[in-house]
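Visitor: Following this message is one structure expressed as structure tokens.
The values are calculated or read from the model by the stated rules, or taken from the named source; none is laboratory data. Remember, predicted model here, so these are calculated numbers, not experimental data. Methodologically, a virtual Cβ is constructed for each residue, glycine included, from the backbone with ideal geometry; neighbour enumeration extends over all protein chains shown. Ligands, DNA and RNA are stripped out before the accessible areas are found, and what is left, the full protein with its side chains, is counted by its heavy atoms. Shrake-Rupley method; radii C 1.70, N 1.55, O 1.52, S 1.80 Å.
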Amino acid sequence: MTEKTGTEKTALTPATHTAPPAKFSHGVRKGNILQVAGQVGFLPAVEGQAPTVAGPTLREQTLQTFANVRAILEEGGASWDDVMMMRVYLTDVDHFAEMNAIYNAYFEEQGLKEAPAARTTVYVGLPKGLLIEIDALAVLG
């Protein structure tokens, strides 16, 4: 019998998520490092139904995207305080100020005990109807 070293790579898929649509994981943890794949504003999965976007507004999609990232962090034993880096992908440069306001208010409510994560924001194309995508890198312990 081999002893586990704690460095196995483990895929993370919370109950709120369906299996990814391609050969990737929603999140992966290896040792104390947890990477969350890009998440969008899909509502929690319903068996047998296609993913549904939280709503048409940037606020609705951003808050749902945060919930989806958080679910993966928690599945891997992490919290927002463990996040070192977040990348925000927006489809419209005009959404930057609104996203920043939503972002700041959200993290103010989270009661972080550690320094906030570093962040990069870039502009991309996403499938029709999606306005934002976020990924995160966390280091535990």
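Visitor: Within straight cross-link reach of residue 30, meaning Cα distance under 12 Å, which aspartates and glutamates are found once same-chain residues fewer than 8 apart are removed?
Guide: 8
Visitor: OK, next. Using a probe of 1.4 angstrom, how much of the accessible area of the chain is carbon and sulfur, in percent?
Guide: On the way: 4590 of 8270 Å².
That fraction is 56 percent.
Visitor: Considering amide H positions built from the backbone, and no H for Pro or chain starts, which residues 5 or more places from residue 27, or on another chain, come under 5 Å of its amide H?
Guide: Residues meeting the criterion, in which the H sits 1.01 Å from N, are 12, 37.
Visitor: For the chain, place one equal point scatterer on every Cα, skip the solvent, and apply the Debye formula. What is log10 of I(q)/I(0) at q = 0.10, 0.16, 0.19 Å⁻¹?
Guide: Here log10 of I(q) over I(0) equals -0.34, -0.84, -1.16.
Visitor: Follow-up. Kindly work out what percent of the DSSP beta bridges joining two residues of the range 82-141 are antiparallel, to the nearest 5.
Guide: 55
Visitor: Another question, if that's okay. Please state the charge dipole magnitude for the chain, taken about the Cα centre, from unit charges on C-beta atoms (+1 on K and R, -1 on D and E), reported in debye and rounded to the nearest 20.
Guide: 400
Visitor: While we're here: Given 0.36 nm per residue, what is the gain on full extension from residue 85 to residue 114 after removing their alpha carbon distance, in nm?
Guide: Length gained between residue 85 and residue 114: 9.1 nm.
Visitor: Turning to a different aspect of this structure: Counting other Cβ atoms within 10 Å, which chymotrypsin sites (Phe, Trp or Tyr not before Pro) in the range 1-103 have at most 15 and lie in a DSSP loop?
Guide: For chymotrypsin sites (Phe, Trp or Tyr not before Pro) across the range 1-103 that sit outside H, G, I, E and B with at most 15 neighbouring Cβ atoms in 10 Å, the list reads 24.
Visitor: For every helix of n ≥ 4 consecutive DSSP H residues, a contribution of -39,500 (n - 2.57) applies; sum these over the chain, divide by its total residues, and give [θ] at 222 nm rounded to the nearest 500 deg cm²/dmol.
Guide: -7500 deg cm²/dmol
Visitor: A further question follows. Leaving out ligands and nucleic acids, note down the accessible area per residue over the chain with a 1.4 angstrom probe, in whole Å².
Guide: 59
Visitor: Compare the Cα positions of 106, 72, 22 along the charge dipole of the chain (+1 at Cβ of Lys, Arg; -1 at Cβ of Asp, Glu; about the Cα centre) and return the one farthest towards the positive end.
Guide: Looking along the dipole axis, the top candidate is 22.
Visitor: If you place +1 on the Cβ of every Lys and Arg, -1 on the Cβ of every Asp and Glu, and leave all else neutral, what size is the dipole of the range 1-75 about its Cα centre, to the nearest 20 Debye?
Guide: The calculated dipole for the range 1-75 is roughly 200 debye.
Visitor: Each label point is 7 Å from the Cα along the Cα-to-Cβ direction; what then is the distance between the points at residue 123 and residue 52, in nm?
Guide: 3.2
Visitor: Restricting to Cα atoms and excluding each atom paired with itself, what does the Kirkwood estimate give for the range 10-82 in Å? If you can, show how the numbers build up before the last one.
Guide: Working: mean 1/r = 0.0790 Å⁻¹.
About 12.7 Å for the range 10-82.
Visitor: Could you work out how far apart the two model spin labels at residue 140 and residue 105 are, taking each label as a point 7 Å from the Cα in the direction of the beta carbon, and quote it in nm?
Guide: Output for this residue pair reads 3.2 nm.
Visitor: Step through the residues of the range 57-71 one at a time and calculate ³J(HN,Hα) from phi using the Karplus curve (6.51 cos²θ - 1.76 cosθ + 1.60, θ = phi - 60°), rounding each to whole Hz and writing x for Gly and Pro.
Guide: Values, residue by residue: 8, 4, 4, 4, 5, 5, 5, 5, 4, 4, 4, 5, 5, 4, 4 Hz.
Visitor: Residues in the range 121-141 near a label at residue 18, defined as backbone nitrogen under 16 Å from the 7 Å Cα→Cβ point?
Guide: 127-128, 130
Visitor: With loop defined by DSSP as not H, G, I, E or B, and exposure as at most 10 other Cβ atoms within 10 Å, which is the longest segment of the chain clear of exposed GluC sites (Glu not before Pro)?
Guide: By the stated rule (loop sites, at most 10 other Cβ atoms within 10 Å), 48-141.
Visitor: Let me ask another. Remind me, relative contact order of the chain in percent, using alpha carbon pairs under 8 angstrom and six or more residues apart?
Guide: Working: 253 pairs, mean separation 42.9, N = 141.
Rounded, it is 30 percent for the chain.
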